[in-house]
Amino acid sequence: MKYYSLNHKAPKTTFKEAVIKGLAPDKGLYFPETITPLPASFFKNIDNLSDTEIAFQALHQFVSPDIPEAVLKTIIKETLSFDFPIVKLNESISTLELFHGPTMAFKDVGARFMARCLGYFNKNNTNQVTVLVATSGDTGGAVANGFLGVKGVNVVILYPSGKVSDIQEKQLTTLGQNIKALEVDGVFDDCQDMVKRAFLDQDLTSKMQLTSANSINVARWLPQLLYFIFAYKQLHKTHNEIVFSVPSGNFGNVCAGMMAQQLGLPIKHFIAANNQNNVVTNYLKTEEYSPQPSVQTISNAMDVGNPSNFIRIQEIYKNNFSKLKANLSSFSFTDTETKIALKEIYDTYNYVADPHGAVGYLGCKAYLKAHTNVHCVFLETAHPTKFLDVVEKVIKIEQPLPKQIKGVMNKTKEATKIGSYEELKSFLLH
Ligand SMILES: *Cc1c(COP(=O)(O)O)cnc(C)c1O
């Protein structure tokens, strides 16, 4: 598979180079040159396929020939070492739980897959890579955990001091080995700006190979298409028309769902559920795309004012607004609505959601008002205890800590404080 840059000013490249570089030299996102639908027999026989067999068939074309089949099988087996269960709330709404991985956020799958690809490309120590990532919370933990101990890959995570939850901070700062945490005196945007500046700093990039580990990287983005196939497998016998409501921030997850649809997965419609960061909701209303500075909400992993993967969605629909609109709806919700939804989900279905999942649930409800006879699946993208403050205040029941979270809580934090780009640069070079 070859990948091209969506800025169209860089040469096509291989999967390997796309993963190592992250972004194309013209700063465009990479996109696969072809998407070959899976054979009809794949969907017919899906009940007889395990998650790892599904993953192999669905991902093979995107990584071939850079990752040999046997290696891909191993990478998939190690990546998918937990479950992706559907929990039915009622006849019209289910949730797909994507939080059973080691850091209890859906980003675990992409981070683990990408780490193992980079580890394979570096097997002879020829491609030393530094993964540089800014996090507002969840990405950092998933990346730190996914890349821990991968040979030849150093990970540097920037997070805003005092702006991530205790659990999230522990997940980023207690692992040691090849994982370094930088505690930035500032907000998330400051971390993000420093990372962007590093990628553009030719003095720095001439001395080291830097790459990103957010969803702009194809190896982190593409494996997410599996979630939609796993959900289909669990629901297709009882429901013909499946709609997905995806709590969206950078739009990597919903865009991966659209890739699954391109592979032939029968998905009726997508809903991008947004908090008050509603650029895409507004775009679908007005056909005008106007990025905004991000605003802080209780579903903070979706506080994104200029979603980086939206350009990939535009590519899938060849910039055809009416085609996109026929396949994607978007709704945006306030924090107050999100809290009411959390309580409603608990009171009505005895289910504890997290704030991101609650936004997804609201997306389902909004869509179902005008569409009957469909089954809406909202993605539960994080475990509720990762947002303990909000969840316990709203449902007024103490939540037991899962073992993944307990495991990090009494470990010792190790982080280096920085306050400027110069400090980041000297940290990277020493
Ligand atoms: C990252 C994240 C999202 C948003 O996913 P995108 O792919 O960026 O749209 C939603 N929920 C949680 C919990 C996340 O960590």
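The values are calculated or read from the model by the stated rules, or taken from the named source; none is laboratory data. Values in this document were obtained by computation on a predicted structure and should not be read as measured data. A quick note on method: Cβ atoms are made from the backbone with ideal geometry, for glycine too, and the neighbour counts reach across all protein chains shown. Please note that ligands, DNA and RNA were not included when accessible areas were found on the heavy atoms of the full protein model with its side chains. Shrake-Rupley method; radii C 1.70, N 1.55, O 1.52, S 1.80 Å.
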(request) Determine the pairs where a residue that is in contact (Cβ under 8 Å) with a residue 40 or more places away in the chain and within 21 Å of PHE106 (Cβ to Cβ), located within the stretch 287-307, has a partner that is of a type in the set (Lys, Arg) and surrounded by fewer than 19 Cβ atoms within 10 Å (Cβ to Cβ) with Cβ atoms under 8 Å apart, the partner being 6 or more residues away or on another chain. (result) ILE298/LYS339
(request) Could you please tell me which pairs satisfy a Cβ distance under 7 Å, a separation of 6+ or placement on different chains, a first residue in the stretch 77-89 that is more than 13 Å from MET104 (Cα to Cα), and a second residue that is in a loop (DSSP other than H, G, I, E, B)? (result) VAL87/TYR351; LEU89/TYR351
(request) Scan the stretch 331-346 for residues that are farther than 12 Å from ILE93 by Cα, of a type outside the set (S, T, N, Q) and in a helix (DSSP H, G or I) and jot them down. (result) ASP335, GLU337, LYS339, ILE340, ALA341, LEU342, LYS343, GLU344, TYR346
(request) Tell me the helices (runs of 4 or more DSSP H) entirely within the stretch 12-86 that contain at least 1 residues that are of a type outside the set (Lys, Arg) and buried (at least 20 other Cβ atoms within 10 Å of the Cβ). (result) 15-21, 51-63, 69-79
(request) Only one of these is in contact with a helix residue (DSSP H, G or I) (Cβ under 8 Å, 6 or more places away or on another chain) and farther than 28 Å from ILE267 by Cα: THR13, THR36. Name it. (result) THR13
(request) Of all residues in the stretch 215-246, count the ones that are more than 16 Å from the ligand (Cβ to nearest atom), of a type in the set (A, V, I, L, M, F, W, C) and farther than 15 Å from SER92 by Cα. (result) 2
(message) Against the condition over 24 Å from PRO37 (Cβ atoms), away from the ligand (no atom under 16 Å from the Cβ) and at pLDDT below 95, how does PHE199 come out, does it pass?
(response) yes
(request) Would you please list the contacts, defined by Cβ atoms under 7 Å and residues six or more apart or on different chains, that run from a residue in the stretch 142-156 that is open to solvent by 10 Å² or more (accessible area, probe 1.4 Å) to a residue that is assigned to a strand (DSSP E or B) and within 16 Å of the ligand (Cβ to nearest atom)? (result) none
(message) Residues that are open to solvent by less than 40 Å² (accessible area, probe 1.4 Å) and part of a helix (DSSP H, G or I): does the stretch 89-105 have at least one?
(response) no
(request) Can you confirm whether the stretch 342-359 contains a residue that is at pLDDT below 95, within 16 Å of the ligand (Cβ to nearest atom) and of a type in the set (Asp, Glu)? (result) no
(request) Could you identify the single residue in THR385, THR348, THR336, THR372 that is more than 27 Å from PHE31 (Cβ to Cβ) and within 23 Å of the chain's Cα centre (by Cα)? (result) THR385
(request) May I ask you to say which residue of ASP203, ASP108 is crowded, with 24+ Cβ neighbours inside 10 Å, of a type in the set (Asp, Glu) and within 30 Å of THR14 (Cα to Cα)? (result) ASP108
(message) Looking at LEU59, LEU72 in this structure, which one is touching a residue at least 40 places away in the same chain (Cβ under 8 Å), of a type in the set (A, V, I, L, M, F, W, C) and in contact with a helix residue (DSSP H, G or I) (Cβ under 9 Å, 6 or more places away or on another chain)?
(response) LEU59
(request) Under 9 Å between Cβ atoms, at least 6 apart or on separate chains: pull out the pairs that start in the stretch 234-249 with a residue that is on the phi > 0 side of the Ramachandran plot and end on any residue that is in a strand (DSSP E or B) and surrounded by fewer than 20 Cβ atoms within 10 Å (Cβ to Cβ). (result) none
(message) Would you confirm, using the coordinates I've provided, whether THR135 is more than 25 Å from GLY249 (Cα to Cα) and either open to solvent by 10 Å² or more (accessible area, probe 1.4 Å) or within 16 Å of the ligand (Cβ to nearest atom) (or both)?
(response) no
